[in-house]
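Every number in this text was worked out from the coordinates using simple rules, so none of it is lab data. Fair warning: this is a prediction, and the values are worked out from it, not measured in the lab. In this analysis, Cβ positions are derived from the backbone assuming ideal geometry, glycine residues included, and neighbour counts consider all displayed protein chains.
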Amino acid sequence: MKKLAETMRNTKSWSKLLLLVLTYAIIHLLIIFGIIQDFQQITLTTICINIILAVSLNLITGFTGQFSLGHAGFMSIGAYTCALITMRMPTIPGFILGLVAGAVAAAIVGILVGLPTLRLRGDYLAIATLGMSEIIRIVFLNLNITNGAAGLSGIPQFVNWPWLFVFTAGTILLIVNFLKSSHGRACISIREDEIAAEAMGINTTKYKVTAFAIGAFCAGIAGALYASYFFFIKPTTFNFQKSVDVLVMVVLGGMGSVSGSVLAAILLALISTFLQSFSELRMVIYSLILIIIMIFRPQGLMGSKELSLSMLSKLGSKFSFRKGRV
Amino acid sequence: MPILTVKKLTKNFGGLAAVSNVSLELEQGELVGLIGPNGAGKTTVFNLLTGVYKPTSGTITLHTNGTDKPIQGLKPYKVCEMGIARTFQNIRLFKDLTVLDNVRIAMHKNVKYGLAASFLRLPSCQKEEQELVERSMELLKIMKLDHKKDELARNLPYGEQRHLEIARALATNPSLLLLDEPAAGMNPAETAQLTEVISWIRNQFKLTILLIEHDMSLVMKICERIYVLDYGQVIASGTPEEVRTNKRVIEAYLGEDVNNA
């Protein structure tokens, strides 16, 4: 019985690995054969960056239950740090250094901001994080080193599909592993019932800040990838609108569902790409689609369920499934 | 040997003294009841003991492992680490998580592997996770919930939710267990079963238990000593027999019920 369970787990992790490799290889081939051209590659990059942003915000908002509107702020710290470093060290090691430095800087700001603000709840926390991300934006707007409103241009471009894939898949994997661990469950218990969590020995402040720091770290990575791929950043790239965009993905995909966030990030990027031919009506149609989805799926596309291989096979055979979370 | 000493505990909410000058002493391994009419301050005492409220004045001392530790004003998770666990009057389970997860979360404070191990799912993490599951299943078996481990806590019937709360409290490995109205809303048969479970876990885990209860059949049956609270003050204490016949208690609270119990 135990052996059977182990073999099942092994096949499961093998098929996951296979799926990852296949995804990578197929898209890589599509790029080599020119089926995915430069224009589609922009969409692909946007999707990857948005997946990292949405999954990491979901850790903060969907799993730990801390409503944050400051993700663009963390992203901009990663973007500017990475840009400034790679512009002085335009080599691959320089880029890696910039990316790591950006992510760490974002995480440190996350901790510094989180310690005082995470005692706030719900909408108060949302306002505080919104304020934080505006402060970060205005700092970048006024510093000399970041070139103010004009922003930084001519950032050395290193990011391509392999980089994107490694960081996107890596972020998802690490966060999913974290959520399956005892530390992840501690975060989830805060969302479920903060008073009970604390009475059961969970240091709630510590785990809120931890979730915040991990989320900020990943947002920093996303920002660094953005800066290096699009080689031009300015403060308005990371305004309030950007934070809301990420939040929309999290809510649309389902609070507390990693696969939901991935799905929503892909879907929204595709929708806005297809809508580019409807210039004026674009945002109207986009908003309408959002409204319609939220009317019919108020809990988000995935609710709090996860898309898994076994679930797909179960969906195939008509039986209803019962599934616990996490 | 006492395990918990409470001296002159007072809590004021504005001008209202919810608890005033309460002194309690719990001996190692005792099963003590805390009773009193609605609004007497019983749950406030629990909240003071577990760190939800900071006392206005007074001391709470926990005697474990041969040392005396003052615990008044500590944060709830610290109090839990010291070895005091509790259940809640209005059930506070992690409703959208499975029965197993509810118990596993309460074991978190003893988890040794770090963040890095959890990100990479290192062998140390996997091994400890396996142990967590095994230990949780043991507790669930005791509370007869093992066959429902994958059920969401919100889908359990009311009585089983109360049992799960006790299992979750036991998972923190306490030396002192505080039960806040464990039999509330249960029918006589369920209460009888719960009574057995409580005295069984006390012997099995060598616990000291302090429980708040309105159901006199349960209190009179299993409690060795009883403290009676009224308007935030201890008005009587002693064995069930002594309390039952105490005049002040009868006036304040028990009334006719005493003879019927």
To the nearest 20 debye, the stretch A:12-316 has a Cα-centred charge dipole, built from +1 on Lys and Arg Cβ and -1 on Asp and Glu Cβ, of 360 debye
Counting other beta carbons within 10 Å of each Cβ, put B:113, A:286 in order, fewest first. A:286, B:113
Expressed in angstrom and rounded, the centroid-to-centroid distance over alpha carbons for the stretch A:36-95 and the stretch B:137-203 is 46 Å
Please name which of A:17, A:296, A:143 has its Cα lying farthest along the dipole of the stretch A:12-316 towards the positive end, using unit charges on Cβ (Lys, Arg +1; Asp, Glu -1) and the Cα centre as origin. A:17
Can you work out the FRET efficiency for the pair residue B:28 and residue B:7, with r the C-beta to C-beta distance and R0 = 25 Å, to the nearest 0.05? 0.85
Extension reserve of the residue A:271-residue A:37 stretch, reckoned as 0.36 nm per residue once the Cα distance is removed: 82.4 nm
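Among the listed pairs B:54/B:149; B:7/B:148; A:16/B:144; B:8/B:221, give every one whose C-alpha distance is greater than 31 Å.
B:54/B:149; B:7/B:148; A:16/B:144
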Percent relative contact order for chain A, counting Cα pairs under 8 Å at least six residues apart, stands at 28 percent
For chain A, what does -39500 (n - 2.57) per DSSP helix run (n ≥ 4), summed and divided by total residues, give at 222 nm, in deg cm²/dmol to the nearest 500? -24500 deg cm²/dmol
Apply 1/(1 + (r/R0)^6) to the Cβ-Cβ distance of residue B:141 and residue B:214, taking R0 = 30 Å, and write down the FRET efficiency to the nearest 0.05. 0.55
Along the Cα→Cβ direction, 7 angstrom out, place labels at residue B:78 and residue B:241. What is the inter-label distance in nm? 4.3 nm
Starting at the first residue of the stretch A:209-214, write each ³J(HN,Hα) from the Karplus equation 6.51 cos²θ - 1.76 cosθ + 1.60 with θ = phi - 60°, in whole Hz, x for Gly and Pro. 5, 4, 4, 4, 5, 5
Suppose every Lys and Arg Cβ carries +1 and every Asp and Glu Cβ carries -1, with no other charges. What dipole size does the stretch A:165-215 come out with about its Cα centre, to the nearest 20 debye? 180 debye
Can you tell me the length gained on complete extension of the stretch residue A:173 to residue A:287, counting 0.36 nm per residue apart and subtracting the Cα distance? 37.9 nm
Which one, B:205, B:13, B:94, has the greatest fluctuation when you compute a Gaussian network model over chain B with C-alpha springs under 10 angstrom? B:13
Looks like the stretch A:12-316, by Cα gyration tensor root eigenvalues a ≥ b ≥ c and the a/c under 1.5 rounded cutoff (else prolate when a/b is bigger than b/c, oblate otherwise), is rounded
Report the Stokes-Einstein translational diffusion coefficient (µm² s⁻¹, integer) for chain B, Rh taken as the Kirkwood radius over Cα pairs, at 4 °C with viscosity 1.567 mPa s. 67 µm²/s
Have a look at A:289, A:32, A:266 and tell me which one the Gaussian network model of chain A (Cα, springs below 10 Å) gives the largest fluctuation. A:32
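Using Cα-Cα distances under 8 Å and only pairs 6 or more residues apart, what relative contact order does chain B have, in percent? Each step should come with its number before you reach the end.
Numbers: 461 pairs, mean separation 67.3, N = 261.
Result for chain B is 26 percent.
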What FRET efficiency would be calculated for the residue pair residue B:69, residue B:126, taking the C-beta separation as r and a Förster radius of 35 Å, to the nearest 0.05? 0.50
³J(HN,Hα), Karplus 6.51/-1.76/1.60, whole Hz, each residue of the stretch A:28-41, x for Gly, Pro: 4, 5, 4, 6, 4, 7, x, 6, 8, 9, 3, 5, 5, 5
From phi via Karplus (6.51, -1.76, 1.60), per-residue ³J(HN,Hα) for the stretch B:243-250 in Hz, x at Gly/Pro: 5, 4, 9, 6, 5, 5, 5, 4
Once amide H atoms are built 1.01 Å from N in the peptide plane, which residues 5 or more positions from residue B:19, or in another chain, come under 5 Å H to H? B:11
Using +1 on the beta carbon of Lys and Arg, -1 on that of Asp and Glu, and nothing else charged, what's the dipole of the protein assembly as shown about the Cα centre, debye to 20? 1180 debye
Difference of contour (0.36 nm per residue) and Cα-Cα distance, residue A:23 to residue A:121: 31.3 nm
GNM result for chain A, Cα springs below 10 Å: residue of A:211, A:264, A:101 fluctuating most strongly: A:101
Take every DSSP beta bridge whose two residues both sit in the protein assembly as shown, then give the antiparallel share in percent to the nearest 5. 60 percent
Test item: B:77-90 mean partner chain Cβ contacts at 10 Å: 3
